[in-house]
Every structure is written in C-alpha cells, then in structure tokens.
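> I'd like to ask some things about the structure below.
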Amino acid sequence: MESEGISAIVVPLILLTLRQTTPLVLAGLGGIFSERVGVVNIALEGMMLIGGFVGIWVGQSAGVLAGALAAILSGALTGSLHLFMTQRLKMDHIISGVAINLLALNGTTYLLRKLYVMAEPIRDASVPTTIPVGYFIALTLSLPFLAHFVLYKTAFGLRLRAVGESAESVRMAGLTPIRLRTAGLLISGMLGGLAGAYLALSQVGRFSDDMVSGRGFIALAAVVCGRWTPLGAALAALIFGFFDALQLQLQGVVNIPSQFLLMVPYVFTILAALVLRPTPPAALGREEETEG
Amino acid sequence: MTPSPIPIIQMANITKTFPNGVVANDDISLTVWEGTVHAVIGENGAGKSTLMHILYGRYQPDRGRIRLRGEDVRIESPAQAISLGLGMVSQHTTLIPALSVLDNIILGNEYAAFGILNRAGAARRIETLAKQLGVELPLHARTETLSVAAMQKAEIMKALYRGAKMLILDEPTATLAPQEADALFRLLASLKSSGTTILFITHKLREVMQHTDAVTVLRGGRAVGERITRETYPEELLALMLGQRTAGPSVPLSEEAAASAPYAGIYRETEPPETPPSPVHPLPWERGPQSEMLGRPPQSEFAPETSAALPSASAAVPLLEIRELLVLNRRRSPAVQDFHLQVSAGEIVGIAGVDGSGQKQLAEAVVGLSPIERGQVLLDGAVLNGLSVERRLQMGISYIPEDRHREGLILDFTIAENLLLGRQRDRRFGGGWILDLKRLAQLGDRVVQEYRIRAGGGDTVAGTLSGGNQQKVVIARAMEGHPRLVIAMQPTRGLDVGATEYVYDTFRDARTKGVSILLFSLDLDEIFALSDRIAVMYNGRLAGVLPRAQATMEEVGRLMVNG
C-alpha cells in the first residue's frame, strides 16, 4: 500500500524530470560546443525557437522526422549567422545573441500568424503525430558521454578546446582558428535546433508563441554550473529539470508559489558561481588579435 | 666551431610596414648557416620580433624574399613554416595554460587513429626525444603549473616534435633566472650538435658572446651589421645597437675625447654638464594655483654650460630615497633587487641600462603601479610603500610613461580631458564631482599655447595629433601637476629633433625650479645631455652611480653590459 503510494508519486516525477531535462541537456551541449570554441552563445533560446517553428512547419507536410531534420538544419543556419556576426563583423557576442533571440521571437510570432492566418487559439500549427519522447530521452542520456568523448579523446576535440583558450596559440600551432570555430558553431546550432524540435515535435506536437520560454538561458546556466564540461552540464540540467518537474507536480498540492521553484536554476547558478568558481574558456568572447 | 658553408636561411630585403604606419623592417637581409647558433640583437623596437614572425609566416612582408636551403619559398602561415622545418618559441608562451603539457605539444599534429588520440603513443615519442636531449618534462601536468623555464622547454619540444630543423627563439632568456638561462643554452648546444640550426633574439650581449656563432644587429628596423661572433667584441656590438646618434640636441663631439676613445666615432664624449641653479625661489607647489605655471620654456638654443657641480639642494633629507628595493615581475622573479638611490631636490638623475634591466619596474614601484616586495621608497622622508597612485600624485610625483598610446593618453579623449586624467578630483583642473568644463577648457587652451602644441585648441582629440604633439600633452600633464618629482620613461622616444629639444628645455626649466627628475632612457646621449648624475642598471641591480662630470660613455656602456 505504502510502496505503491510512493511509486505513484516517484515514477511520474522521474519521467517528468527526464522530459524537462531533455531540452536543457540538448541545448546545454549546444552551448558547450559554442563556448568551448570561444563564442558566447546566448542565442540558444533563439536557436530553439527557430528549430521548433521550422520543425512544425516542415513536419506538417513532410512528416515529423523530416521536420526534426529541418529543425537541426535551421539551427545550423542560425549558428552560422551568429558566427558571421561575431567573427566576420566582429560584433559583440552578447549583442549578436540578443539580436538573434529577438529576431527568432518576433519572426516566429509573426510567421505563425502569417502562415496560419488565425487568431486564437493556434490550432493549426501542430502536427498530427509526434516523435516518441523516448527517442529524445535516449539522446539525452547518451549525448553527454559522446560529447565528452569527442572533446577529450579526439584530435578534433582537442583543437576545439584549444581555440577557445587561445586562437593565437592555435594559429602558431599551424591550425586555422576560424575553421574550428565554424565547426563548433555548426554543432552548437544543430543541437539547439534539435532541442527546439523536441519541444515542438515531441513534447506537445505544436508550436506556440515564445514556447521555449527561457529554457535556452537555463541551459546556459547549466553550462556554467557544469564548468563547461558535457557531463557537468548534463548533471546541472538534470537538477534543474528535477526542480522544474517538482514544481509542476506540486502545483495545487503544496502551497509554495511556483515562481519560487522556477527561480531554482538561477539561484543555483549564482550559488555555483560562488562555490565552484567556474573558469570559462580563456578566449571566450574575445576577439582574436590580428596583425599589427 | 666553424660554421658549415651552407646558408640554410636567407632573408633578403625584407620590408614590413604595419597598418599604423610603423616601418618595423626596412630592407633587412639576414643569412643563417646550417648548424649554427645565430643571434639577432637590437634595442626594443629595432624590428627583431617582426622579422622572426615574418620568417615563421605569422606576418607577411611587403617586400623581400626568403630562401630556405637555397630555394625560394613563400611562407604564408605558421602551418607552412612548420612544414618547411621551422619551429618557433615565442617571447610570450603560446602554450595553453588550461591544457596538459602533452596536449599542448601534440596540438595540431596529433598522434591519432581515426581521429581518436593516442596519448600514450605520443607521450612515448616525446619522452624518447626528451631523453636524447636530457630534458625532463611533466607531460601530464597542467601547463599553468609549470615554471617559465619548463614552459620554454615544452615549447622547444613542441617544435622538435613537429620535426623542426630550424628553431627560432624570441628573447628566450628575458624571463629566466641566470641558472635557468644556462640550462637553456646547454639544451640549445645539444640541439646544435644534433644538427639543428638555432636563431634567437636577445639584447643581452653576454649571451651573444658566449653562445653564438654569428650575430646580426638590427637598429631602427634596419640591419646594421652582421658579424662572426669570435671576430667581434661586446663594445662593437653595443655601438652597432645604439648607433651613432646624430639626432637630438646633444653637444658636438669633442675631438680630443673622440680621438682618445677606443672606438672613435662610435662613442662621443659630450661637454660637461650645465650647472643647474639652486632652487632658491619658492617651490612650485607652494605657490598659488595661477602663478605656478612653468611658463614658456626658453626658446633659445641650448648652450652647453660649464662646471659640474651638483645642485646645492642642501636639504638633509633627499627628495627621493630608494632603500634596498625589491620588485618582482609578473612571473614573481626579481626585476629590481638591492636597489638604492637618492635624488636631491632640483637634480636630474639619469638611469641608463640595456632595455629590460628592470627600469620599468623601478619606475612603477616609485609611482605605485608595481607593488614593492621589500625595501622602501621615500619622498621627502615619507614612506610611499603601500600608498595609492592617486595619493602619490597628490604628494607631488608625476609620471611620464613609456608608451604614450597605451599608458600615456586616451587617444579618443580631447587634450583637455587627457590633462585631467589622474587629477579628476582636483578642482583646480576642472575636476571634482561635476566637471568644471569652463576651467577645463581654459586649461586645455592654455596648455596648447604654452607648450606650443600644434592643435586647434584644448578640445582637439589627442589621437589626431602627431607623435611629438601627443608627447607634449603627456609632458604638459606631468608638469602641470606642480610636481616635486617627475618620473620620465623614454620621454623623447620617437620624437624628432625639434620636439626632443623642446622636452629637454622643459626638463631643464623644471630643474631650475627645484623639480627633481628621474630620467629613464635607452639613449645614452640623452642621459648625458640632461643628467646631473648617471645611475646604471644591470639585471635589476644598481651597477654604479657616476657624477655626470666624471662619467664617460665607455664607462657607462661597460656597466650597462657587464654590470
């Protein structure tokens, strides 16, 4: 009797935790691949939004898997835009990221109305079937280990980490920094797009205005708490996901305002910054020194 | 050791002008013979680093050719340089502190199968190489935990791991302790015996004499001499490095002295110094805010005066006293040690020394920019240790930094705003909580007039001025603060004859008003033209203090080189 009661609470909580953790892990890994090559990526939020919208849009006519693929591609494109603005135009990384986020938020909101010509509620921006959540949870459980392997055990990963520390050193070692940054940003965008695809195509099967609602930033907080490592970020994402799930479960049951539990990731980040003193990649957000 | 007769590196007519207009290399040619150790020497700004970075493909020359083993090559990137057998150890390490030593060494040339690193294999290869050379390296330690000397070894191993046959080292001993430097040269010697050609930059003549086969001297972006080391001597190299300076308002060469000097025509004896009048009138800072201006410096030509008496500032307490000073550089090794000096009111003391002998740290310790590790600095008997820069400025110290673009001025600010820097709380200059813009504008305009700065007015943006006029702004700021002590770092560097003379006049004028000046310069003519006494720094220590009247260029040069 008693154990049944507990499992009746615990099992849904675990499942809900995994569901809430998934977008944070995917986007968080995206953040790592960008920041590890030296590009600050607050554009994750925008990458997810665009990914989600494109996923639904393509998914409606070509099927949800094609939609997910399109979402990944759209993320890569968004990543390229961020790359172009920060590396070619030498724009401040934060400003470029904010621009992408605003573009994504207002662009998807506008297109939703334009393409689906409708007022309330937004019924048609949805797909008939969804991708099983299990697929994404499997990715969430495996990708952090894969990313860890790539970053720490392969030549490619060593180079990616090196360019985030010092582009000049990388150049002196006979490599081309911009190529490595391009690779990092493309991977970052693809993961961001995939996170968006999960939210739209798997969790709800629908796109609605501002549906990412800050998860991109929470993912970035997980990156910082996880000291820019895939496994650390995944763990932080899991903790954030747990509190998010708890918040959802407790709604209406216990008398804690949900806003307090929503604050958990940010409070946690501040505490982590105090306790762990995470050091970002040395060249993060810095412009490369050029000749002269 | 006879150099083998194959020129392995030939650089011909290399010219490089940077976007900011600085001509770093002007028609430089350089030949290095296979299996030799070749030094490139010269003062700061002589173009040594630029030349080496061109060889390594980091910069592209505007003109000129490079040949390796007799074949014309174009080296467009470090990657290409590496593939041609070049390796470079930069002045500032390019190792990444957060990575392991091993990862740093293999970066870009990884030992991998299907992209997966084989760290064990790479480590074995590096260890074999290291053993041959008698080098020990903690391959798995994080690089930031290593000493500078160990990092340098790692850099060398990195180049050798890539198969470098020609090794370029940019001032390898600049940050090493003497014993570490000796160990480095032993390593270089064993590399040489295994056939590696070594090209290194230095300005330490002792290293050149002891450890090289040949040497090329650069000055002002030009190659001014190439010598076989055993056929030359330090004094000749020093003369080539410093050059026969004809610019500047120094007095004409006394023929007698020139004839008696061992390297006549290189060293010039100058006239005895002028006598600074005693500071009998009230000191500048004691007067009202409007009357204390230094006024227009005399326009007359500087006429050499006679007699070599020190200023008769007979105060029992010297204005500046430095006692047993120890200052560390950023690597926490001593940059200045056991340094002591006294400067009287109204005295100009010139600090001579080869570049990098601790001058900058000494100046910064007095001004308050570098912490004093041990010892004391006193101004008028008051201990300065631990006081803020602001407090020291208020006490009457002013500073003319070495690099006017980076430290001296904010180029986007107007002349008037630049004059206010460091005195932004001083109402007399228009500072305070709310800027007194009117007073600030008046200050700017007056300074422009008095210091004959070629500008429309005090509201001209500093970045649009010529170098000489920018320096006048820096000097005006130092002088407008009613200083008792001016710390001047290379105050005429890069200035033309007219501007240089202007600076000298300003200093002499200040001295007559009782201001003391600690003059740091790499230009011996300048030191001799202005100083009442000359202190020589060698390796962070005081090598000697000579009254100007008794000092000769030979003796000062000897102290600079040998301590």
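> What residues qualify as long-range amide H neighbours of B:Val89, i.e. H under 5 Å apart, gap of 5 or more or another chain, H built at 1.01 Å from N?
B:Ile168, B:Leu169, B:Asp170
> Something else about it: Could you tell me what % of all Cα pairs in the stretch A:7-276 have separations over 23 Å?
Value for the stretch A:7-276 (Cα pairs over 23 Å): 52 percent.
> Keeping all protein chains in place and using 1.4 angstrom, which order do B:Met553, B:Met209 fall into by accessible surface area, from largest down?
B:Met209, B:Met553
> While we're on this one: Which of the lysines could a cross-linker span from B:Lys513 if the Cα-Cα distance has to be under 24 Å and same-chain partners fewer than 8 positions apart are dropped?
B:Lys472
> Same structure again: I'd like to check one number: the per residue accessible area of chain A, probe 1.4 Å, reported in Å² as a whole number.
45 Å²
> Calculate for the protein assembly as shown the 222 nm mean residue ellipticity that helices alone would give, adding -39,500 (n - 2.57) per DSSP H run of length 4 or more and normalising by residue count, nearest 500 deg cm²/dmol.
Helix contribution divided over all residues of the protein assembly as shown: -14000 deg cm²/dmol.
> Now, a different point. Chains B and A: what accessible area do they bury, summed, in square angstrom to the nearest 100, with a 1.4 Å probe?
Roughly 2000 Å².
> Greater than 29 Å separation of Cα atoms is the criterion. Which listed pairs, B:Lys16/B:Lys204; B:Lys48/B:Lys131; A:Lys90/B:Lys360; A:Lys153/B:Lys131, meet it?
B:Lys48/B:Lys131; A:Lys90/B:Lys360
> While we're looking at this one, here's another question. Compute the Cα gyration tensor for the stretch B:380-522, then decide on rounded, prolate or oblate, letting a ≥ b ≥ c be the square roots of its eigenvalues: rounded whenever a/c is under 1.5, prolate when a/b is larger than b/c in the other cases, and oblate in all that remain.
It is oblate, given that a/c is not under 1.5 and a/b is not larger than b/c.
> Then there is this: Given 0.36 nm per residue, what is the gain on full extension from B:Arg425 to B:Met395 after removing their alpha carbon distance, in nm?
Separation in residues times 0.36 nm, less the Cα-Cα distance, equals 9.4 nm.
> Sticking with this one: For B:Arg374, list long-range residues whose amide hydrogen, built 1.01 Å from N in the peptide plane, is under 5 Å from its own amide hydrogen.
Answer set, sorted by chain and number: B:Leu326.
> In sequence order, what are the phi-derived ³J(HN,Hα) couplings for the stretch B:337-347 according to the Karplus relation 6.51 cos²θ - 1.76 cosθ + 1.60 with θ = phi - 60°, rounded to whole Hz, with x for glycine and proline?
Per-residue couplings from phi come out as 9, 6, 8, 9, 6, 10, 10, 7, 5, x, 10 Hz.
> How large is ³J(HN,Hα), in whole Hz, for each residue of the stretch A:142-154 in order, when computed from phi with the Karplus curve 6.51 cos²θ - 1.76 cosθ + 1.60 and θ = phi - 60°, using x for Gly and Pro?
Coupling constants for the stretch A:142-154: 9, 4, x, 5, 5, 4, 4, 4, 4, 5, 9, 10, 10 Hz.
> Across 10 Å bins from the origin, how do the percents of Cα pairs in the protein assembly as shown run, short distances first?
2, 11, 17, 18, 17, 15, 11, 6, 3, 1, 0, 0
> Given the protein chains as shown and a 1.4 Å probe, how many square angstrom of A:Asp209 are accessible, to the nearest 10?
Accessible area, nearest 10 Å²: 60 Å².
> Tell me the relative contact order for the stretch A:184-255 as a rounded percent, counting alpha carbon contacts under 8 Å between residues six or more apart.
14 percent
> At what distance in nm do the modelled label points of B:Arg125 and B:Asp62 sit from each other, each positioned 7 Å from its Cα along Cα→Cβ?
Each label point lies 7 Å from its Cα, and together they span 4.1 nm.
> Next question, about the same structure. In peptide A:145-157, how many Cβ atoms from other protein chains are near each Cβ within 10 Å, on average?
Across the residues of A:145-157, the mean count of other-chain Cβ atoms within 10 Å is 3.
> Determine the share of chain A's accessible area contributed by carbon and sulfur atoms, expressed in whole percent, with a 1.4 angstrom probe.
With neighbouring chains kept in place, the figure for chain A is 68 percent.
> Per-residue Cβ counts within 10 Å, from other chains only, averaged over A:205-211: what number is that?
Per residue, the average neighbour count from other chains is 0.
> Taking the Cα atoms of the stretch B:28-117 alone, what are Rg (to one decimal) and Dmax (as a whole number) in Å?
Calculated on Cα positions, Rg and Dmax stand at 15.7, 49 Å.
> Peptide A:174-181: average number of partner chain Cβ atoms within 10 Å per residue?
The per-residue average across the peptide is 3.
> Could you work out the relative contact order of the stretch A:7-276? I mean the mean sequence separation of Cα pairs under 8 Å and 6+ apart, divided by the number of residues, in percent.
38 percent
> Just for the protein assembly as shown, what percent of DSSP beta bridges are antiparallel, to the closest 5?
Antiparallel: roughly 55 percent of the beta bridges in the protein assembly as shown.
> On a C-alpha basis, how far is the centre of the stretch A:142-195 from the centre of the stretch A:65-120 in Å? Whole number, if you could?
The two parts, judged by their Cα centres, are 22 Å apart.
> Evaluate the relative contact order of the stretch B:321-397 (contact order divided by residue number), counting alpha-carbon pairs under 8 angstrom at least 6 apart; express in whole percent.
34 percent
> With just the Cα atoms defining each centre, how far is the stretch B:110-178 from the stretch A:26-48? Give it in Å.
Going from one Cα centre to the other spans 33 Å.
> Another question about this same structure. With just the Cα atoms defining each centre, how far is the stretch B:496-563 from the stretch A:215-292? Give it in Å.
Value for the Cα centre distance between the two parts: 59 Å.
> Of A:Val37, A:Val54, A:Val150, which has the largest mean-square fluctuation in a 10 Å C-alpha GNM of chain A?
Looking only at A:Val37, A:Val54, A:Val150, the biggest GNM fluctuation is shown by A:Val150.
> In whole Hz, what ³J(HN,Hα) sequence does the stretch B:530-540 give by Karplus (6.51, -1.76, 1.60; θ = phi - 60°), x for Gly and Pro?
Per residue, the Karplus-derived 3J(HN,Hα) values read 10, 6, 8, 9, 10, 9, 10, 9, 9, 6, x Hz.
> Continuing with this model, one more query. Please list, ordered by chain and number, the residues whose modelled amide H lies under 5 Å from the amide H of B:Trp33; skip anything fewer than 5 residues away on the same chain.
Excluding prolines and chain starts, which carry no amide H, the hits are B:Ile8.
> Can I ask one more? Counting other Cβ atoms within 10 Å, which GluC sites (Glu not before Pro) in the stretch A:229-292 have at most 15 and lie in a DSSP loop?
Within the stretch A:229-292, the qualifying GluC sites (Glu not before Pro) (loop, at most 15 other Cβ atoms within 10 Å) are A:Glu287, A:Glu289, A:Glu291.
> What do you get for the angle between helix A:215-225 and the principal long axis of chain A? Use alpha-carbon atoms, 0 to 90 degrees, nearest ten.
The angle comes out near 60 degrees.
> Quick check on the stretch B:95-151: take the gyration tensor over C-alpha atoms, sort the square-rooted eigenvalues as a ≥ b ≥ c, and tell me if it's rounded (a/c under 1.5), prolate or oblate.
oblate
The values are calculated or read from the model by the stated rules, or taken from the named source; none is laboratory data. Just so you know, these numbers come straight off a predicted model, no measurement behind them. We place every Cβ from the backbone using ideal geometry, glycine too, and count neighbours over all the protein chains shown. Just so you know, the surface numbers come from the protein's heavy atoms only, side chains and all, with ligands and any DNA or RNA stripped out. Shrake-Rupley method; radii C 1.70, N 1.55, O 1.52, S 1.80 Å.
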